[in-house]
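The values are calculated or read from the model by the stated rules, or taken from the named source; none is laboratory data. Every value quoted in this text rests on a predicted model; they were computed, and no experiment measured them. Quick reminder, even Gly has a Cβ in these numbers, built from the backbone with ideal geometry, and neighbours come from all protein chains shown.
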Amino acid sequence: MDLETFCRKKIVPRGEKLDYDPKYLKKLFKKLGRQKLLALRAPREYGGRAFSREEYFHVTELLQSYSGAFGFFQRQHQAAAHWIAESEREDLKELWLPLMAKGSRKVGVSISLLRDPSFSALEGSWGEGGVFLKGVMKWVSGYRLFDHLVLGFFLPEEKREGMAIIPFQKTRKSKISCPLPILALSSLQTVSIDLRDYFVSEENILFFSPEGTFAKRATAVESHFVSLSALALAFSREVENSDLFDAYLTCREAFLQRTSEKEALPLYVEMNQIATSYAHHARYSWGSRMLICPNPIERRIRELLLFSMVLADPATKEALLEGLLPRT
């Protein structure tokens, strides 16, 4: 079954339920594993597909265009597999990646603080045989959906940062909040995790790097552009507008072909404007049908509210707001 057929047969009939009911995310995740699409960027020798950035973007965009909740959910797992694959720990690659590729191991990710330290504060200090972690991880998706987490943390005394794998469960040293009823993504069971001298063995540490390394390698724009392009693609299925669709294709191609990260933020702002224009066009095209819920346009507008601003870092939010100001 090709991916487009998979989306139409497996996602479309359950679109609304995927936003609210975690059990449907679990079932669909298992089916995606049968298609061998759960470790797309991992090397083939570990069960992955070794997709290029463009190939990975295409799959992610297509899945998220049919369901923002499911697309975002599987991206968490894909990101975790990617960072495990980036590690030099061959033992951890061999242990985790083949099972993650099949969906036998479900792994989430909480590394946003490495990109934006104001997001969370999780610090480590060395102890015998590993690191003790203390602090709060905010907005961690996948509670009771993922078995484990790849998390990021700082070693302030050494001015280094690291990533490790931990179980995603409550213990005496890890307190987990009640899931937040997040707009368009309540099925993802998003929580905060308070770690109190939580011990991580050296055996489960993926790598260390100088402080600031991750922020240079993975920007918020890179992470969230696909969410907006997926929304533009989703709206294009509901309403016909050749000018908007051509603008979407041009912006998408420019983003994929960019030669520096300085080009990324203006393109992100542009894609946000395209998706927002599509939303307005769809709203007026549907007319009174918009008042009957659920409907696909209403779902997409909820996702646009979420992905355009809530998940953006401060610099990106500022650029998005400037892009909404009238030109003088």
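Restricting the search to region 133-177, which residues are closer than 21 Å to Leu18 by Cβ and of a type outside the set (Ser, Thr, Tyr)? Write out each step before concluding.
Start the filter on region 133-177 by keeping residues that are closer than 21 Å to Leu18 by Cβ, which leaves 139-147, 168.
The answer is Trp139, Val140, Gly142, Arg144, Leu145, Phe146, Asp147, Phe168.
Residues that are assigned to a loop (DSSP other than H, G, I, E, B) and under 15 Å from the mean Cα position of the chain (by Cα) within region 19-78 comprise Leu38, Ala39, Leu40, Arg41, Ser67, listed in sequence order.
Applying the criterion of being small (Gly, Ala, Ser) and touching a residue at least 12 places away in the same chain (Cβ under 8 Å) to the residues of region 246-270, the residue that is surrounded by the fewest Cβ atoms within 10 Å (Cβ to Cβ) is Ala254.
Restricting region 279-308 to residues that are in a loop (DSSP other than H, G, I, E, B) and of a type in the set (A, V, I, L, M, F, W, C), the residue that is modelled with the lowest pLDDT is Cys293. Checked against (1) in contact with a strand residue (DSSP E or B) (Cβ under 6 Å, 6 or more places away or on another chain); (2) buried (at least 17 other Cβ atoms within 10 Å of the Cβ), Val221 meets all criteria but (1).
If the requirement is being more than 30 Å from Ser277 (Cα to Cα), free of Cβ contacts under 8 Å to residues at least 60 places away in the same chain and surrounded by 14 or more Cβ atoms within 10 Å (Cβ to Cβ), which of these qualifies: Val200, Val140, Val131, Val239?
Of the residues listed, the single one that is more than 30 Å from Ser277 (Cα to Cα), free of Cβ contacts under 8 Å to residues at least 60 places away in the same chain and surrounded by 14 or more Cβ atoms within 10 Å (Cβ to Cβ) is Val140.
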